[in-house]
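The values are calculated or read from the model by the stated rules, or taken from the named source; none is laboratory data. None of the values given here were measured: they were computed from a predicted structure. Reconstructed Cβ throughout: ideal geometry from the backbone, glycine too, with neighbour counts over all protein chains shown. Note: accessible area is taken over every heavy atom of the protein model, side chains too, but ligands, DNA and RNA are not part of it. Shrake-Rupley method; radii C 1.70, N 1.55, O 1.52, S 1.80 Å.
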Amino acid sequence: MGTSVLSLRIDGELLDRLRDRAAKRGMSVQDYVIRTLIRDDFDERFQTAVDETEKFYGVT
């Protein structure tokens with residue numbers, strides 16, 4: 001399996017929150033985000049967020 005680059009544009013306030021959370025764990029923001037993405041329950045939590053967003057906007 002090769003590697004790819006993921007580029008994100010995020011709000012400054014969100015970046016600050018990510019920095020704080022990463023710092024509490026002694027990690028870089030990049031490592032914190034990657035760890036979050038590879039958690040076993042990420043897919044389930046992500047799908048729930050998508051479902052709630054669609055419900056909010058009346059997509060479903």
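Descriptive notes on the structure:
- Identified option (computed percent of Cα pairs over 15 Å apart; candidates (i) 50; (ii) 66; (iii) 38): (ii)
- Distance in nm between pseudo-label sites at residue 28 and residue 9 (7 Å out along the Cβ direction from Cα): 2.3
- Annotation for the chain: trypsin sites (Lys or Arg not before Pro) lying in DSSP loop with at most 13 further Cβ atoms inside 10 Å of their Cβ are 9, 25, 39.
- A 1.4 Å probe run over the range 1-58, with the rest of the protein chains in place, finds 95 Å² accessible per residue.
- For the pair residue 18 and residue 37 in one chain, pulling the backbone fully straight at 0.36 nm per residue adds 5.5 nm over the alpha carbon distance.
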